[in-house]
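The values are calculated or read from the model by the stated rules, or taken from the named source; none is laboratory data. Note that the structure is predicted; figures quoted are calculated from it, not measured. When we count neighbours, we look across all protein chains shown, and the Cβ atoms used for this are built from the backbone with ideal geometry, even at glycine.
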Amino acid sequence: MNIHAKTVTSLHRGLTGFSLIELMIVVAAISIIAAIGYPSYINSVVKTKRAAAEGCVSQYAGYMERFYTQNLRYDKDTAGGNNPVVGKTNDNPPPPLVLDCAGPQNSGADYDFSVAAATPSTFTVTATPKGSQLSRDSSCAALSINQAGTKLPATGGCW
């Protein structure tokens with residue numbers, strides 16, 4: 001019996017767990033890695049959402065150009081009806097047509113899209129950030145493109 005007790009005791013000695021100090025060192029290391037990585041992750045998310053908004057603004061501009069090709073003006077069709085994507089200004093109701101890219105499952109959750117200032121020969125498409133995108137992407141604010149292909153803001157690497 002003595003031999004068996006010695007064997008069990010020696011086996012238990014090798015099976016000790018982590019000490020509290022070792023556990024605290026691992027937690028501290030993970031915390032440091034997370035503190036360095038989280039801001040980079042958030043920055044990547046902001047840039048990705050901005051790139052999606054840029055794509056959607058370009059889709060709206062493409063729609064406007066197709067509309068012009070068919071109607072020879074940006075604001076109304078040949079029957080005199082309004083362009084279905086123009087609206088959502090202070091005096092206009094929201095437009096009856098919203099492109100898929102501006103839906104809440106896509107860029108619409110982080111940006112408001114509007115086609116304003118449409119005249120027979122001009123238009124401006126704008127993507128305005130909202131919610132957390134507005135606070136995190138303060139350097140770029142709203143993204144706009146007009147009928148001449150001029151992108152604003154032109155500085156800061158926003159486009």
> Is it fair to say Gln133 is in a helix (DSSP H, G or I), under 27 Å from Tyr38 (Cβ atoms) and either touching a residue at least 60 places away in the same chain (Cβ under 8 Å) or more than 24 Å from the chain's Cα centre (by Cα) (or both)?
Replying inline: yes
> What are the residues in region 78-103 that are surrounded by 14 or more Cβ atoms within 10 Å (Cβ to Cβ), at pLDDT 85 or above and either under 19 Å from Thr119 (Cβ atoms) or more than 21 Å from the chain's Cα centre (by Cα) (or both), if any?
Replying inline: Asn82, Asn83, Pro84, Val85, Val86
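Residues to consider are Ser139, Ser107; find the one that is closer than 17 Å to Thr48 by Cβ, buried (at least 20 other Cβ atoms within 10 Å of the Cβ) and at pLDDT below 90.
Result of the check over Ser139, Ser107: Ser107.
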> In region 110-136, what residues are surrounded by fewer than 20 Cβ atoms within 10 Å (Cβ to Cβ), small (Gly, Ala, Ser) and out of contact with any Ser or Thr (no Cβ under 7 Å at 6 or more places or on another chain)?
Replying inline: Ser121, Gly131, Ser132, Ser135
>> Among the listed residues Ala141, Ala127, Ala61, identify the single one that is under 30 Å from Val45 (Cβ atoms) and in a helix (DSSP H, G or I).
In response: Ala61
